[in-house]
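In what follows, a single structure is set out as structure tokens and then discussed.
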Amino acid sequence: MPTSASRKLVILDRDGVINVDSDAFIKSPDEWVAIPGSLEAIARLNQHGYRVAVATNQSGIGRGLFDMAALNAMHVKMQKAVAAAGGRIDAVFFCPHTADDNCECRKPQPGMLKAIAERFEIEPSVTPVVGDSLRDLQAGAALGFPTHLVLTGKGKGTLAAGGLPEGTKIHNDLKSFALDFLSEEHE
Ligand SMILES: [Mg+2]
Ligand SMILES: [Zn+2]
């Protein structure tokens with residue numbers, strides 16, 4: 001059965017996938033800088049009928065490094081940048097907790113992806129999850145999402161460390177993920 005257009009969704013991690021990551025956390029809109037090609041990749045996915053959702057761990061909130069107003073301001077900047085490239089992000093799910101909180105949303109826990117699947121009424125088996133960290137992929141694999149590693153952000157280190165979920169596909173960056181994924185779709 002073909003996937004209906006409205007159920008076509010791609011789930012992205014944020015830091016290290018859409019924007020440049022930092023070990024010191026991305027704490028303000030000024031620190032939020034897109035990875036070259038990532039905004040155009042989102043637009044290209046949209047043009048092919050895919051909605052895009054983001055699932056991002058933001059423990060900087062739980063650690064007190066930045067507040068909700070700063071996170072919202074970052075996401076306003078992100079949405080504007082994506083819109084300027086002709087694309088749209090339909091939802092941003094974030095986990096504000098730290099590892100000590102033992103929540104169900106902080107990846108590798110699959111809570112955010114479960115919530116996204118319910119919100120968008122999508123089938124995990126045909127919905128790619130794209131991340132640069134093992135925990136992004138583990139969260140996806142736990143629910144049966146196909147997993148895709150990009151080598152931006154922490155991606156090269158993640159690849160070197162090994163232990164990727166079975167079947168994980170590897171792409172240089174989000175732009176090459178979009179090209180690879182969309183060309184496979186038409187095979
Ligand atoms: Mg990341
Ligand atoms: Zn959480």
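We did not get these values from a lab; they are worked out from the coordinates using the rules stated. Not measured: the values here are computed from a predicted model. Methodologically, a virtual Cβ is constructed for each residue, glycine included, from the backbone with ideal geometry; neighbour enumeration extends over all protein chains shown.
The residues packed around Leu45, meaning those with a beta-carbon under 9 Å from its beta-carbon, carry a net charge of +3 if Lys and Arg are +1 and Asp and Glu are -1. Going from the residue with the fewest nearby Cβ atoms within 10 Å to the one with the most, Leu45, Leu71 rank Leu71, Leu45. Each other residue within a Cβ distance under 12 Å of Gly153 adds +1 if Lys or Arg and -1 if Asp or Glu, for a net charge of -4. Per-residue extension of 0.36 nm, minus the Cα-Cα distance of Val126 and Asn72, leaves a gain of 16.5 nm for this segment. The label point for Arg119 and the one for His48, both projected 7 Å from the Cα toward the Cβ, are 2.3 nm apart. What does the net charge come to around Ser28 if you take all other residues with beta carbon closer than 13 Å to its beta carbon, with K and R at +1 and D and E at -1? Cβ neighbours under 13 Å give a net charge of -1.
Over all pairs of different C-alpha atoms in the chain, the reciprocal of the mean inverse distance, the Kirkwood hydrodynamic radius, equals 16.3 Å.
For the chain, modelled as a GNM whose springs connect Cα atoms under 10 angstrom apart, the maximal fluctuation among Asn172, Asn57, Asn19 occurs at Asn172.
Taking segment 80-160, which GluC sites (Glu not before Pro) meet the DSSP loop condition and have no more than 11 other C-beta atoms within 10 Å? Walk me through the intermediate numbers first.
Working: sites: Glu104, Glu118, Glu121; in loops: Glu104, Glu121.
Loop-located and lightly packed - Glu121.
When the chain is treated as a GNM with alpha-carbon contacts under 10 Å, the residue of Met112, Met78, Met68 showing the greatest mean-square fluctuation is Met68. Taking the chain as a whole, the Cys residues whose C-beta sits 4.7 Å or farther from every other Cys C-beta are Cys103.
Note on Ser176 and Ala142: their simple-model spin labels are 2.9 nm apart, each label 7 Å out from Cα toward Cβ.
Where does the chain land at 222 nm, in deg cm²/dmol rounded to the nearest 500, when only DSSP H runs of n ≥ 4 count, each adding -39500 (n - 2.57), divided by all residues? Kindly include the intermediate steps, with their values, before the conclusion.
On the way: 7 runs with 69 residues, N = 187.
Value at 222 nm, helices only: -11000 deg cm²/dmol.
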